[in-house]
Amino acid sequence: EECGHISLSAPIVRLGDPVTASCIISQDCSLLDPEPQILWKLGAELQPGGRQQRLPDGTQKSTITLPHLNHSQAFLSCCLHWGSSLQVLDQAELRAGHPPATPSNLACFMNLTTNSLTCQWEPGPHTHLPTNFTLKSFRSRGNCQTQEDSIPDCVPEDGQSYCSIPRKHLLLYQNMVVQVQAENALGTSVSPQLCLDPMDVVKLEPPTLWATAPRQPGCLWPHWRPWKPSLFIHQKCQLRLRPQHEKTNWTQVATLPSSVLQHQLCGLPPDTAYALQMRCIRSPLPGHWSRWSPSLELRTAEQAPLVR
Amino acid sequence: PLDPASSLPLPQSFVLKCSEQVRKIQAEGSVLQEKLCATYQLCHPEELALLGHSLGIPQAPLSSCSSQALQLTGCLNQLQSGLFLYQGLLQALAGISPELSPTVDTLQLDVANFATTVWQQMEDLEVAPAVQPTQGTMPAFTSAFQRRAGGVLVASHLHRFLELVYRVLRHLAEP
């Protein structure tokens, strides 16, 4: 039989809330002193305010209420004086924290390389408690008013605020609903729902730019090739340039379908170095812009010398 | 009766999505064909016609989708049934080889998703058959070689099937 036993009103409470504990000392343990005084320690500090009583069966019981538990984690000990020392008879772990905030900024993108849908979110402030996040989703139709087949929960790795749904669970070109649930001992919260078709949130990589020698003075002749995994997607692409090594603003010079793989730029000063960049977006179907490509550095052809 | 293309209000987004799905599946089908050719020197479907015949590998009809006499409801029906057939044929190739299985799995998922896109549009237009099609008996590929040869033939038939579909979609996309 245990010497002493602590029982708690609740092992986990909100930070700052009260917690009540009681400790019962069995008769075997109060050997020398019929009315032993039960003492409480929170961490290393003695806690006054224990109310002690003798139970009908002769055991001693002390009850204490800590008005505001301000530690996210602490040990509460039930003790007795024995000789010159303070004996710890039992110990309970107290936990305090917050219920999970509503996860926010849920966003997803379809990765054409891994063929998975990755969703990320803001977890909200630290709760001081073990908190589990789960990405919940189900197939739907139209504007996501109906719930069709559910998709297995996606559980992120510890501490991560993103999760990837594998291709086999995705129904491309149909809408699905995605939502994040956060749960700990003090409660559960759920993010707003996101209604999306995985193909409408494809994450495009920028095209590859290169150039051939310009034919006329003051011209540039950039070529490009769309990102290979996205070749089946019709896209439109923006081309921009600025004089090299100058931090002036970019000038957008063309918006072209991705099927056009080159573009002649003229009317520029001869023998001048430029930096060019390109980005693409799925079009006319919905999509997101890719990042701008790395800069391609080109020089316009020199003006031919005038022969008099 | 002739069912002119315009009698069914096909949303433009449906035509655009279907076109993209065709391109996506064709791209993956080409990857499968390239791998079968590079790894097993099975590069010409016509060399496997006799085997295909003996294995009973079916091909999906698209007679209602001919540009001369387009019957859109019938065409959508044949398209959906054809995709459902190719989904089954790709499933029958399971275990083709560790290197090719991921490609076949992705291809099968994309074909299945395309079939769902078409089926749901038919439901929205209220021209869907009362009952979803059920898979007929699939060819039994009893050896590794038959699965690879079956892969070449199924990919080739699917490619041709989708070429016809793409032509119809381009016709429907014309303003």
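Values quoted throughout were computed directly from the atomic coordinates according to the rules given, and no laboratory measurement underlies them. If you're wondering where the values come from, they're calculated on a predicted model, not measured in any experiment. Positions of Cβ are backbone-derived with ideal geometry, glycine not excepted, and every protein chain shown enters the neighbour counts.
Please give the charge dipole size of the range A:35-122, origin at the Cα centre, charges +1 on K and R Cβ atoms and -1 on D and E Cβ atoms. Round to the nearest 20 debye.
Computed about the Cα centre, the dipole is about 140 debye.
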Original post:
Sorted by average packing, counted as other Cβ atoms within 10 angstrom per residue and highest first, what order do A:251-258, A:274-281 take?
Top reply: A:274-281, A:251-258
**OP:** Would you give the gap between the C-alpha center of the range A:88-152 and the C-alpha center of the range B:72-135, rounded to a whole Å?
**Re:** 33
**OP:** For the protein assembly as shown, give the magnitude of the charge dipole about the Cα centre (Cβ charges: +1 Lys/Arg, -1 Asp/Glu; no others), in debye to the nearest 20.
**Re:** 2000
Original post:
Between A:Asp28 and A:Glu93, what FRET efficiency follows from the Cβ-Cβ distance if R0 is 30 Å, with the result rounded to 0.05?
Top reply: 0.75
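Averaged over A:272-285, how many beta carbons belonging to a partner chain fall within 10 Å of each residue's beta carbon?
Details: counts 0, 0, 0, 0, 0, 0, 0, 0, 0, 0, 1, 1, 3, 6.
Mean partner shielding for this stretch: 1.
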Subject >> Under-5 Å amide H pairs with A:Val253, H placed in peptide plane, nonlocal only >> reply: A:Leu239, A:Arg240, A:Leu241
Subject >> Cβ-based charge dipole, the range A:1-152, positive-most Cα from A:Thr65, A:Ile38, A:Thr113 >> reply: A:Thr113
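Determine the dipole magnitude for chain B: charges of +1 sit on the beta-carbon of Lys and Arg, -1 on that of Asp and Glu, nothing else is charged, the reference point is the Cα centre, and the result goes in debye to the nearest 20.
Numbers: 9 positive and 14 negative charges, 50 e Å.
Approximately 240 debye in magnitude.
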**OP:** Express the C-alpha Rg of the range B:110-165 as a ratio against the empirical globular expectation 2.2 N^0.38 Å, rounded to two decimals.
**Re:** 1.47
Original post:
Which lysines, on any chain, are close to A:Lys61 with Cα under 27 Å apart, when same-chain ones fewer than 8 places away are left out?
Top reply: A:Lys41
Original post:
Between rounded, prolate and oblate, where does the range A:1-95 land on the alpha carbon gyration tensor, with a ≥ b ≥ c its root eigenvalues, rounded for a/c under 1.5, else prolate if a/b exceeds b/c?
Top reply: prolate
Subject >> Charge tally in the Cβ shell below 15 Å around B:Cys43, where Lys, Arg are +1 and Asp, Glu are -1, B:Cys43 excluded >> reply: -1
**OP:** For the range B:62-175, just list the percent of Cα-Cα distances falling in each 10 Å bin from zero outward, please.
**Re:** 13, 42, 30, 13, 2
**OP:** Among A:Pro226, A:Leu239, A:Val177, pick out the residue whose Cα is farthest towards the positive end of the charge dipole of the range A:177-259, where Lys and Arg carry +1 and Asp and Glu carry -1 on C-beta, about the Cα centre.
**Re:** A:Leu239
Original post:
If you take the Cα Rg of the protein assembly as shown and divide it by 2.2 N^0.38 Å, with N the number of residues, what do you get?
Top reply: 1.50
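Is there a simple number for the mean count of other chain Cβ atoms within 10 Å of the Cβ of residues in B:20-28, and what is it?
Counting Cβ atoms of other protein chains within 10 Å of each residue's Cβ and averaging gives 4.
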Original post:
Could you list log10 I(q)/I(0) for the range A:164-223 at q = 0.15, 0.18, 0.21, 0.23 Å⁻¹, which the Debye formula gives when each Cα is one point scatterer?
Top reply: -0.69, -0.81, -0.93, -1.00
**OP:** Identify, among A:Ala74, A:Pro56, A:His5, the residue whose Cα sits farthest towards the positive end of the charge dipole of chain A, taking +1 on the Cβ of Lys and Arg and -1 on the Cβ of Asp and Glu, with the dipole about the Cα centre.
**Re:** A:Ala74
**OP:** Percent of Cα-Cα pairs per 5 Å bin, from 0 to the last occupied bin, for the range A:14-162, please list those.
**Re:** 2, 8, 13, 13, 11, 8, 7, 7, 7, 7, 6, 5, 4, 2, 1, 0
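Under Stokes-Einstein, with the Kirkwood radius over Cα pairs standing in for Rh, what whole-number D in µm²/s applies to the range A:199-308 at 10 °C and 1.306 mPa s? Intermediate results must be reported in sequence, preceding the final value.
Numbers: Rh = 14.7 Å.
Reported coefficient: 108 µm²/s.
Expressed as a fraction of 2.2 N^0.38 Å, the rule-of-thumb size for a compact globular protein of N residues, what is the C-alpha radius of gyration of the range B:72-112?
Working: Rg = 12.1 Å, N = 41, 2.2 N^0.38 = 9.0 Å.
My calculation over the Cα atoms of the range B:72-112 gives 1.34.
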**OP:** Search the structure for amide H atoms under 5 Å from the amide H of A:Gln73, placed 1.01 Å from N in the peptide plane, and list their residues when 5 or more places away or on another chain.
**Re:** A:Ala96
Original post:
Any idea what Rg and Dmax come out to for the range B:5-68 if you just take the C-alpha atoms, in Å?
Top reply: 16.8, 48
Subject >> Euclidean distance of C-alpha centroids, the range B:28-65 and the range A:39-72, integer Å >> reply: 80
**OP:** For the range B:102-107, just list the computed ³J(HN,Hα) in residue order, Karplus coefficients 6.51, -1.76 and 1.60, θ = phi - 60°, integers in Hz, with x standing in for Gly and Pro.
**Re:** x, 5, 5, 4, 5, 4
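Sorting A:Ser295, A:Ser22 on the 10 Å Cβ count, fewest up front, what's the list? If you can, show how the numbers build up before the last one.
On the way: A:Ser295 16, A:Ser22 19.
Listed from fewest to most nearby Cβ atoms, that is A:Ser295, A:Ser22.
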Subject >> Anisotropy class of the range B:8-140 from Cα gyration tensor, a/c 1.5 cut >> reply: prolate
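Given the range A:248-304, what whole percent of its Cα pairs are spread farther than 13 Å?
Values: 1123 of 1596 pairs.
Value for the range A:248-304 (Cα pairs over 13 Å): 70 percent.
Given a cut-off of 26 Å, name the pairs among A:Lys203/B:Lys17; A:Lys168/A:Lys236; A:Lys168/B:Lys24 whose C-alpha atoms lie farther apart than that in the structure shown. Write down the numbers at each step before the final one.
On the way: A:Lys203/B:Lys17 17 Å; A:Lys168/A:Lys236 29 Å; A:Lys168/B:Lys24 16 Å.
From the list (A:Lys203/B:Lys17; A:Lys168/A:Lys236; A:Lys168/B:Lys24), the Cα-Cα distance tops 26 Å for A:Lys168/A:Lys236.
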**OP:** Taking the Cα atoms of the range A:130-230, report the difference between the largest and smallest coordinate on each principal axis, in whole Å and largest first.
**Re:** 71, 34, 23
Original post:
What ³J(HN,Hα) values, in whole Hz, does the Karplus curve 6.51 cos²θ - 1.76 cosθ + 1.60 give for the range A:156-171 when θ = phi - 60°, with x put for Gly and Pro?
Top reply: x, 5, 3, x, 8, 10, 8, 8, 10, 8, x, 3, 5, 9, 9, 10
Original post:
Amide H neighbours of A:Val19 under 5 Å, counting only residues 5+ apart in sequence or on other chains, H built in-plane at 1.01 Å?
Top reply: A:Leu66, A:Leu69
